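Only the coordinates and a few stated rules stand behind these numbers; no lab work does. This one's a predicted model, so the numbers in the text were calculated from it and none came from an experiment. In this analysis, Cβ positions are derived from the backbone assuming ideal geometry, glycine residues included, and neighbour counts consider all displayed protein chains.
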Amino acid sequence: MLTEREQDRIRALNRKNRYGITLAEVKLLFERHQAARKRGDSHEMEKIEYRLTDINFHYECGLLSSGQYDKITEVIKNW
């Protein structure tokens, strides 16, 4: 579970970026999430999912949380 401070920092980052994210940043977050899953780092996965949910990437976040990384690459190709 994320602390209130972590949530505040993520929301502040998203506000700073005007709730936008570049394709390169999205790809990096997806890679970091996959690496965190391999390490068993659920806390890192939760931070990434929280950030994406805060900027309305609900579908992509659902794919990440269920480990469907192959579908994510298909979604990115259609952007």
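For region 56-79, what are the residues that are on the phi < 0 side of the Ramachandran plot and polar (S, T, N, Q)?
Of the residues in region 56-79, the ones on the phi < 0 side of the Ramachandran plot are 57-66, 68-79.
Residues satisfying the conditions are Ser65, Ser66, Gln68, Thr73, Asn78.
How many residues does region 26-50 contain that are surrounded by 14 or more Cβ atoms within 10 Å (Cβ to Cβ) and not hydrophobic (A, V, I, L, M, F, W, C)?
Within region 26-50, the subset surrounded by 14 or more Cβ atoms within 10 Å (Cβ to Cβ) is 26, 29-30, 32-34, 36-37, 41, 44-50.
If we keep only those that are not hydrophobic (A, V, I, L, M, F, W, C) as well, we get 32-34, 37, 41, 44, 46-47, 49-50.
Count: 10.
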Filter pass, Gly62 being surrounded by 13 or more Cβ atoms within 10 Å (Cβ to Cβ), out of contact with any strand residue (DSSP E or B) (no Cβ under 8 Å at 6 or more places or on another chain) and not basic (Lys, Arg): yes
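Might you let me know whether region 68-78 holds any residue that is closer than 23 Å to Thr3 by Cβ, surrounded by 13 or more Cβ atoms within 10 Å (Cβ to Cβ) and hydroxyl-bearing (Ser, Thr, Tyr)?
Applying the first criterion (closer than 23 Å to Thr3 by Cβ) to region 68-78 yields none.
No, the conditions are met nowhere in region 68-78.
Among the residues of region 11-25, which ones are of a type in the set (Ser, Thr, Tyr) and surrounded by 10 or more Cβ atoms within 10 Å (Cβ to Cβ)? Working first, answer last.
The first filter runs over region 11-25 and keeps only residues of a type in the set (Ser, Thr, Tyr), leaving 19, 22.
The answer is Tyr19, and nothing else.
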